[in-house]
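The values are calculated or read from the model by the stated rules, or taken from the named source; none is laboratory data. Remember, it's a predicted structure, so these values are computed and weren't measured experimentally. Every residue, glycine among them, receives a Cβ derived from its backbone with ideal geometry; neighbour counts consider all protein chains shown. Ligands, DNA and RNA are stripped out before the accessible areas are found, and what is left, the full protein with its side chains, is counted by its heavy atoms. Shrake-Rupley method; radii C 1.70, N 1.55, O 1.52, S 1.80 Å.
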Amino acid sequence: MVKAELVKRSPLRIMEKSTRGGVEAGNIGVIASPRGVGKTACLVHIATDKLLQGKHVIHLSFAAKTDHIIDWYEAVYKEIATNRNLESAVEVHDELVKNRVILNFNQHDVTIDQIEKSIEALISEGHFAADLLVIDGYDFDKGSVGTFEALKGFAAKHNLTVWATADIEKNTGGIPKELSNFEQVLSVLIDLEDEKNHIKLNLRKDHDRIVDEDLHLILDSKTLLIAEE
């Protein structure tokens with residue numbers, strides 16, 4: 001399969017359709033679940049899909065070291081390329097690596113201003129035309145709404161789409177209590193529900209609507225990819 005066809009057939013197109021075009025530039029989407037359910041795998045799949053479209057991605061991790069994040073990207077790409085018999089897989093892989101930057105910070109040692117300056121330098125001075133910023137491991141319990149309001153403004157200024165992960169204690173069927181204060185600043189909220197044989201993706205917020213919708217997508221625990229149910 002050629003790259004363009006792979007992108008066209010990605011189950012992430014279903015997610016975009018269900019969320020009225022997905023998360024546009026200047027907006028923030030969040031994937032929430034208890035620890036260990038698969039948030040990072042979803043985030044890396046979303047980032048890899050964007051890379052396959054020829055876009056540029058900055059991966060900001062507060063939880064894992066750079067080499068660990070690279071392992072995630074390698075595993076997800078290998079599954080996508082193998083399962084879809086991707087043509088010129090080695091060349092495509094090398095292109096994706098060039099269009100990806102991974103940054104690692106300790107949330108307690110850095111301010112949002114410092115993070116924004118690092119990313120701005122990368123975009124402006126490093127001539128890295130980022131399209132997507134993914135944020136993994138941010139502790140919303142110890143974070144602030146002001147930080148995400150600033151982040152949203154920064155994303156709008158630089159035409160960036162933002163996807164982040166959030167740890168929650170349990171799925172409640174609505175907006176998790178850990179994110180209740182952040183509701184207004186988030187455009188899309190999806191939670192992961194651990195069922196017997198798979199992990200189900202539920203839509204809890206779709207822009208200006210609080211919803212309770214089954215996306216009919218799962219996270220395949222064997223491939224670590226988002227797939228159609």
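Around Ser18, under 9 Å between beta carbons, what's the net of Lys plus Arg minus Asp minus Glu among the other residues?
Around Ser18, the charge tally is -1.
Among the DSSP beta bridges whose two residues both lie in the stretch 3-228, what percent are antiparallel, rounded to the nearest 5?
Around 40 percent antiparallel, to the nearest 5.
Can you compute the charge dipole magnitude of the chain about its Cα centre, using +1 on each Lys and Arg Cβ and -1 on each Asp and Glu Cβ, nothing else charged? Give it in debye, rounded to the nearest 20.
It comes to approximately 300 debye.
Run down the lysines and flag those whose C-alpha is under 21 Å from the C-alpha of Lys200, throwing out any fewer than 8 positions away in its chain.
Result set, ordered by chain and number: Lys17, Lys39, Lys170, Lys177, Lys222.
First select every other residue whose beta carbon is under 14 angstrom from the beta carbon of Asn159; then total the charges, Lys and Arg +1, Asp and Glu -1.
Neighbour charge sum, excluding Asn159 itself: +1.
For the chain, which whole percent of the accessible surface, found with a 1.4 angstrom probe, sits on carbon and sulfur atoms?
Looking at the chain in its full context, I get 47 percent from C and S.
Could you please report the charge total around Glu193, scoring K, R as +1 and D, E as -1 over all other residues with beta-carbon less than 14 angstrom from its beta-carbon?
Once positives and negatives cancel, what remains is -3.
When the chain is modelled as a GNM with alpha-carbon springs shorter than 10 Å, which of His207, His198, His108 fluctuates the most?
Of His207, His198, His108, the most mobile in the Gaussian network model is His108.
In Å², and per residue, what accessible area does the stretch 3-228 have when probed at 1.4 Å with the other protein chains present?
Dividing the accessible area of the stretch 3-228 by its residue count gives 48 Å².
Test of the criteria: in the stretch 127-229, which trypsin sites (Lys or Arg not before Pro) are in a DSSP loop and have at most 16 other Cβ atoms within 10 angstrom of their Cβ?
Passing both the DSSP loop test and the Cβ count: Lys170, Lys196, Lys222.
At R0 = 22 Å, how high is the FRET efficiency between Lys170 and Asp141 if r is their beta carbon distance? Nearest 0.05 is fine.
Calculated transfer efficiency: 0.95.
What does the helix-only formula give at 222 nm for the chain: each DSSP H stretch with n ≥ 4 adding -39500 (n - 2.57), the total divided by the residues, and the result rounded to the nearest 500 deg cm²/dmol?
-11000 deg cm²/dmol
Could you calculate the FRET efficiency of Asp206 with Ala64 from 1/(1 + (r/R0)^6), where r is the beta carbon distance between them and R0 is 45 Å, rounded to 0.05?
Once the sixth-power term is evaluated, E becomes 0.95.
Would you mind putting 35-41, 61-67 in packing order, based on average other-beta-carbon counts within 10 Å, highest first?
35-41, 61-67
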